[in-house]
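Worksheet: the structure to be examined is printed underneath.
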Amino acid sequence: EAQVTQNPRYLITVTGKKLTVTCSQNMNHEYMSWYRQDPGLGLRQIYYSMNVEVTDKGDVPEGYKVSRKEKRNFPLILESPSPNQTSLYFCASSLRGTSYNEQFFGPGTRLTVL
Amino acid sequence: RKEVEQDPGPFNVPEGATVAFNCTYSNSASQSFFWYRQDCRKEPKLLMSVYSSGNEDGRFTAQLNRASQYISLLIRDSKLSDSATYLCVVNTARGSNYQLIWGAGTKLIIKP
């Protein structure tokens, strides 16, 4: 089944404790991205990757890191999480990073930073 | 002002009614437009793309008005299963790249 998977789905952590949220897609998509969704603000892009070893900042990259060593995986790293990073996170992929490609989303990771 | 704006709702609509909502965008250079549907606490899924000539998919009709910079979504004969949040998405040029800009969504509740 074609899908985007994220782990963990739910995470409660404490300020400063490094964490990684994994994202994997099995559709051979070139483009992958991370979003956070907060009430009243819509989806905001954190980082995106046009292809392997090519990553770039989105609108809200501060406090996050990413890497794209393989085509299928795009982990999101929070080196020192803070309470303002409490949010719902979505990983998404599309065939190419062009205007017209449908985005396929993972199921989301609900993160709480205490 | 947000780049993509939507009425957050909720729109409370009786089953079988027709409902419409708009989404305005600020960048006249925006190239492509989409409606996504998001069920509570789930991931967004593409509902339909919006073409310049307008397009229809069953009970759903999407329209684009470039002059006034808005897109619309019309749902006819609404079903209980249409209850969801509808996200407007605009693909906008950012230098040599494009970026998807998401509205905050319009919540629709269909009542029996």
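The values are calculated or read from the model by the stated rules, or taken from the named source; none is laboratory data. Because the structure is predicted, anything quoted here is derived from the model rather than measured. Cβ: placed from backbone, ideal geometry, glycine included. Neighbour counts: every protein chain shown. Just the protein is used for accessible areas: all its heavy atoms, side chains included, with ligands, DNA and RNA removed. Shrake-Rupley method; radii C 1.70, N 1.55, O 1.52, S 1.80 Å.
Could you tell me which residue of region B:56-98 is farthest from B:Thr18 (Cα to Cα), considering only residues that are charged (D, E, K, R) and surrounded by fewer than 15 Cβ atoms within 10 Å (Cβ to Cβ)?
Taking region B:56-98 as the starting set, the residues that turn out to be charged (D, E, K, R) are B:56-57, B:59, B:66, B:76-77, B:79, B:82, B:94.
Those left that are additionally surrounded by fewer than 15 Cβ atoms within 10 Å (Cβ to Cβ): B:56-57, B:59, B:66, B:76-77, B:79, B:94.
Details: B:Glu56: 14, B:Asp57: 15, B:Arg59: 9, B:Arg66: 24, B:Arg76: 4, B:Asp77: 6, B:Lys79: 10, B:Arg94: 36 Å.
The extreme case among them is B:Arg94.
When the residues of region B:99-111 are filtered to those that are more than 10 Å from every other protein chain (Cβ to nearest Cβ) and open to solvent by less than 20 Å² (accessible area, probe 1.4 Å), which remaining residue is nearest to the chain's Cα centre (by Cα)?
Step one: of region B:99-111, the residues more than 10 Å from every other protein chain (Cβ to nearest Cβ) are B:106-111.
From what is left, the residues that are open to solvent by less than 20 Å² (accessible area, probe 1.4 Å) are B:106, B:108, B:110.
Details: B:Thr106: 8, B:Leu108: 11, B:Ile110: 17 Å.
Checked region B:99-111; the qualifying residue nearest to the chain's Cα centre (by Cα) is B:Thr106.
Output the number of residues of region B:38-95 satisfying the condition of being within 14 Å of chain A (Cβ to nearest Cβ), in contact (Cβ under 8 Å) with a residue 24 or more places away in the chain and aromatic (Phe, Trp, Tyr).
So the answer is 1.
If B:Ala20 satisfies every condition in (1) small (Gly, Ala, Ser); (2) away from every other protein chain (no Cβ under 14 Å); (3) open to solvent by 50 Å² or more (accessible area, probe 1.4 Å); (4) more than 11 Å from the chain's Cα centre (by Cα) but one, which is the exception?
Condition not satisfied by B:Ala20: (4).
Among residues belonging to region A:11-32 that are modelled with pLDDT of 95 or more and among the hydroxyl-bearing types (Ser, Thr, Tyr), point out the one that is nearest to B:Val90 (Cα to Cα).
Per the criteria, the residue is A:Ser24.
From the list B:Tyr51, B:Tyr36, which one is open to solvent by less than 60 Å² (accessible area, probe 1.4 Å) and within 25 Å of B:Asn97 (Cβ to Cβ)?
Values: B:Tyr51 fails: open to solvent by less than 60 Å² (accessible area, probe 1.4 Å).
Just one listed residue meets the conditions, B:Tyr36.
What number of residues within region B:43-85 are within 23 Å of B:Ser26 (Cβ to Cβ) and in contact with a Leu (Cβ under 6 Å, 6 or more places away or on another chain)?
Count: 5.
Is it the case that region B:78-87 has a residue that's out of contact with any Pro (no Cβ under 7 Å at 6 or more places or on another chain), modelled with pLDDT under 90 and basic (Lys, Arg)?
We begin by selecting, within region B:78-87, every residue out of contact with any Pro (no Cβ under 7 Å at 6 or more places or on another chain); these are B:78-79, B:81-86.
Within this subset, residues satisfying the condition of being modelled with pLDDT under 90 are none.
No - not one qualifying residue is present in region B:78-87.
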